Amino acid sequence: MLSLKRDPMFKVRAIAGVFALFAAGAGAGIFDVALPAGIAFRHENSPTPRKHLIEAMGGGVALLDYNNDGLLDIFFVNSGQITATQQTNTFARANERYWNRLYRQNRDGSYTDVTTAAGLSNAGDGNYGMGAATADYDNDGFPDLYVTSYGHNILYHNNGNGTFTDVTSKAGVATSGWSVSAGFFDYDNDGKLDLFVTRYMEWDFAHSKSCGTSPRFYCSPAEFPAVSNVLFRNNGNGTFEDVSTRTGIAAKKGKALGVAFADYDADGFPDIVVANDGMEQLLFHNDAGKTFTERGLEAGIALTDDGKRISGMGVDFRDFDNDGDPDIVITDLARQNYALYRNDGHGLFSYRSMQTGITALTNLNSGWGIGFVDFDNDGWKDLFAAQSHVMDNVEGLDASLHYLEPPLLALNHVGRFERAESGTTVASAGRGAAFGDMDNDGWMDVVMTVLGGKPQIFHNRKGNGHWLTLKLRGTRSNRDGQGAIISAGTRHEIATTAGSYVSANDPRVHFGLGSDTKADIEILWPSGTKQKLNAVAADQILTVTEPEAR
């Protein structure tokens, strides 16, 4: 797989990276946290004394350049109204208070609410909103939007004129029940992006439960039946086919929350990792674009190193240690430690939370959206996690735990993570987290949603490291090149908007280059085309077009 084999100079470069890191004084004050002018969104989850579990789970966000002006815009997913006597799927979504919101970024860094003008003001009264996924599913050059819900999901087609059209019925991707996260990927490498949707559990108001008496609290997912996830194959004519059963996805039921994609065994086909709540974590191996085989247990990612299940919520699937193989990180509840699984090659992973410092950083924390992102541009992917316990009264059950928590920022010091200042000490109910370069300065930012509150935007202050951002344009592959595997010297990335929790990321591929002022780039496109670019200058956003077939 290109130059993604183990690097014999890894240790030498790692030691050099440590000295460069400390010389630059990395780790102090990476983010400023503030809401830019024009953003007035507030997430509405409507908590009730009955402790319906859906009240605790929403809050998605997507970063997308919907009008192709070169600036990332922000789409927030709202949830809806729930009453104490709720029995039916009515959530007052026609009320502006419960709308999803699209904010267009302006040239001065402010934002304008374009929800109504874009045709996104009506989310449907039968939907309690959860998350979002983005991709150009029809290869027309404009990013489309998929919104998940408890109720039914919505696919919005981008018309290319600043508006969207609800094409859910035509496309056949509504689903039913309780969907949470979703992501687009090309599982059969035919140049058309397919869609994977996680579903949490079989649940409705008639069978809702609250646990405990004094106090009441949200029940464990163990109280509800498991359900299968959904895979839609893109037919290329604006419609999708539900291939969940035919591909083997439906054969494995779970309680799925987050999802991410990467080719973990370098066989040329993208695989799927699913964060499962209170059950074994799932790893669907892609069998040559035809079927999937669930291999979580044999690959070593189903359980912790001592054989325990975790409450998997958010997930990312990227190479944190610069060895060329995508690794897995999964957030979970306090006292479980966020799970980091290192890809050891040959289709196997090992649990490395303690060795990488994750255990010490997260033992008393509960996490949701998460991402491996190089925030200080030193060439090593750092870690950001939105944090908060599920139970809003957890202090009454365990005084050592907290419902509201500040987010986690941990810098990667050559494969070991150490806590850094996140820019805020304010505790909140963090949920979704989307990662991208909001102002095109080469330094990655974060948009974090807050359950029942205003979002937080973490603006990167910038440092001294060099960087390179690639905007891929597929020809034989899907137009955005999602699924492409890219190396920039010793750093490796995959092009994807998926990962985290109920959120969608900047589709562009970002590399921190440290002190390097140029980099040799190698791209393995989903079509199998290999492309090399030599001595590419750092500190630029570069559009790269896939070579036409010879």
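The values are calculated or read from the model by the stated rules, or taken from the named source; none is laboratory data. The structure presented is a predicted model; accordingly, all values stated were derived computationally and were not measured. Cβ sites come from the backbone with ideal geometry, for glycine too, and all protein chains shown count toward neighbours. For the accessible areas, the whole protein counts, side chains as well, though only heavy atoms, and no ligand, DNA or RNA atoms are used. Shrake-Rupley method; radii C 1.70, N 1.55, O 1.52, S 1.80 Å.
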- Task: Mind listing whichever residues of region 456-484 are open to solvent by 20 Å² or more (accessible area, probe 1.4 Å), over 20 Å from V446 (Cβ atoms) and either out of contact with any Lys or Arg (no Cβ under 8 Å at 6 or more places or on another chain) or without any contact (Cβ under 8 Å) to a residue 60 or more places away in the chain (or both)?
- Result: N464, H466, T475, R476, G483
- Message: Take residues that are within 22 Å of A434 (Cα to Cα) and open to solvent by less than 10 Å² (accessible area, probe 1.4 Å) and tell me which of the strands (runs of 3 or more DSSP E) falling wholly in region 320-395 contain 1 or more.
- Response: 327-330, 339-345, 367-373, 382-387
- Message: Can you find, within region 161-187, the residue that is nearest to I370 (Cα to Cα) among those that are open to solvent by less than 30 Å² (accessible area, probe 1.4 Å) and not hydrophobic (A, V, I, L, M, F, W, C)?
- Response: S181
- How many residues are within 25 Å of E395 (Cβ to Cβ) and in a loop (DSSP other than H, G, I, E, B) if we restrict to region 203-223? 9
- Message: Is it the case, given these coordinates, that N286 is farther than 11 Å from V259 by Cα and not acidic (D, E)?
- Response: yes
- So which residues in region 308-324 are under 17 Å from the mean Cα position of the chain (by Cα) and of a type in the set (A, V, I, L, M, F, W, C)? M313, V315, F317, F320
- Note on the structure: Checked region 262-282 for anything of a type in the set (A, V, I, L, M), open to solvent by less than 30 Å² (accessible area, probe 1.4 Å) and assigned to a loop (DSSP other than H, G, I, E, B); matches are none
- Item | Residues of region 87-106 that turn out to be open to solvent by 10 Å² or more (accessible area, probe 1.4 Å), part of a loop (DSSP other than H, G, I, E, B) and either in contact with a His (Cβ under 7 Å, 6 or more places away or on another chain) or in contact (Cβ under 8 Å) with a residue 40 or more places away in the chain (or both), as a count | 4
- Query: Could you count how many residues in region 450-464 are part of a strand (DSSP E or B) and closer than 17 Å to S503 by Cα?
  - Reply: 4
- Message: Being assigned to a strand (DSSP E or B), at pLDDT 95 or above, touching a strand residue (DSSP E or B) at 6+ places or on another chain (Cβ under 7 Å) and surrounded by fewer than 19 Cβ atoms within 10 Å (Cβ to Cβ) is the requirement here; does T304 meet it?
- Response: no
- Item | Candidate set from region 124-139 (those that are out of contact with any strand residue (DSSP E or B) (no Cβ under 6 Å at 6 or more places or on another chain) and free of Cβ contacts under 8 Å to residues at least 60 places away in the same chain); member that is least open to solvent (accessible area, probe 1.4 Å) | G124
- Among residues of region 195-229 being out of contact with any helix residue (DSSP H, G or I) (no Cβ under 7 Å at 6 or more places or on another chain) and among the charged types (D, E, K, R), the residue most open to solvent (accessible area, probe 1.4 Å) is R216
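Across region 186-202, what is the total count of residues that are of a type outside the set (S, T, Y), more than 14 Å from D144 (Cβ to Cβ) and not in a loop (DSSP other than H, G, I, E, B)?
Here the count works out to 3.
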- Query: Among the residues of region 236-256, which ones are open to solvent by 60 Å² or more (accessible area, probe 1.4 Å), not in a strand (DSSP E or B) and not hydrophobic (A, V, I, L, M, F, W, C)?
  - Reply: N237, T245, R246, K252, K253
- Among (1) open to solvent by 40 Å² or more (accessible area, probe 1.4 Å); (2) in contact with a strand residue (DSSP E or B) (Cβ under 9 Å, 6 or more places away or on another chain); (3) not polar (S, T, N, Q), where does G528 come up short? (2)
- Note on the structure: Of (1) of a type outside the set (S, T, N, Q); (2) modelled with pLDDT of 95 or more; (3) within 29 Å of S388 (Cβ to Cβ), G70 satisfies every one except (3)
- Message: Could you go through region 293-311 and let me know if any residue there is in contact (Cβ under 8 Å) with a residue 24 or more places away in the chain and within 18 Å of R233 (Cβ to Cβ).
- Response: yes
- Task: Tell me, yes or no, whether region 417-430 has at least one residue that is within 30 Å of A299 (Cα to Cα), in contact with a Lys or Arg (Cβ under 8 Å, 6 or more places away or on another chain) and at pLDDT 95 or above.
- Result: no
